[in-house]
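Below is one structure, written out as structure tokens, with a few remarks after it.
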Amino acid sequence: QVQLVESGGGLVQAGGSLRLSCAASGGTFSRYAMGWFRQAPGKEREFVSAIRRDSGRTGYADSVKGRFTISRDNAKNMVYLQMNSLKPEDTAVYYCAASAYYSDYITAGVMNYWGKGTLVTVSS
């Protein structure tokens with residue numbers, strides 16, 4: 001059983017940056033691909049980014065490509081999402097998730113474990 005706890009959300013102005021962190025515990029972190037998803041009010045949860053367990057591959061949703069960067073530190077059991085040039089449409093609860101499988105555009109349905117989320121609000 002893997003527990004995931006996100007942090008780093010908050011209120012930021014459009015054009016600003018935030019770095020989300022996700023701390024994993026209770027399992028062998030390096031065995032899992034990791035993903036970030038988000039859910040805006042009234043919308044379905046959507047894929048944001050994914051990283052393979054060895055950091056050898058990453059994937060991004062078109063809406064964040066070039067602005068967001070995913071990374072991980074297996075020694076610290078951490079995964080990060082650096083978010084730059086934030087837009088009001090990036091406002092959402094951001095979730096960290098772990099999966100035994102990797103895909104550049106991993107889907108929520110294959111994720112095995114989820115965090116509770118951290119709220120990101122981007123003001124215009």
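Computing the accessible area with a 1.4 Å probe over protein heavy atoms, can you report the carbon and sulfur percentage for region 1-98?
Heavy-atom surface of region 1-98 belonging to carbon and sulfur, 1.4 Å probe: 44 percent.
Where does the chain land on Rg(C-alpha)/(2.2 N^0.38 Å)?
The value comes to 0.96.
For region 70-111, report the convex hull volume of the alpha-carbon atoms normalised per residue, in Å³, without decimals.
About 104 Å³ per residue, rounded to a whole number.
Averaged per residue, what accessible area in Å² does the chain show with a 1.4 Å probe, protein chains only?
Roughly 51 Å² per residue, with all protein chains present.
Could you tally the net charge around Leu119, taking each other residue with its Cβ under 12 Å from the Cβ of Leu119, Lys/Arg +1 and Asp/Glu -1?
Details: positive: Arg38, Lys116; negative: Glu6, Asp90.
After counting each charged neighbour, the total is 0.
Under a Cβ-only charge scheme (Lys and Arg +1, Asp and Glu -1), can you give me the dipole magnitude of region 3-59 about the Cα centre, in debye to the nearest 20?
Roughly 140 debye, rounded to the nearest 20.
With +1 assigned to the C-beta of every Lys and Arg and -1 to the C-beta of every Asp and Glu, and no other charges, what is the dipole magnitude of the chain about the Cα centre in debye, to the nearest 20?
It comes to approximately 200 debye.
What are the aspartates and glutamates whose alpha-carbon lies under 18 Å from the alpha-carbon of Lys65, with same-chain residues fewer than 8 places away excluded?
By straight Cα distance, Lys65 reaches Glu46, Glu89, Asp90, Asp104.
The values are calculated or read from the model by the stated rules, or taken from the named source; none is laboratory data. As the structure is a computational prediction, the values presented were derived from the model and not from experiment. Don't worry about glycine lacking a Cβ; one is built from the backbone with ideal geometry, like all the others, and counts go over all protein chains shown. Surface accessibility is based on the protein's heavy atoms, side chains included, excluding ligands, DNA and RNA. Shrake-Rupley method; radii C 1.70, N 1.55, O 1.52, S 1.80 Å.
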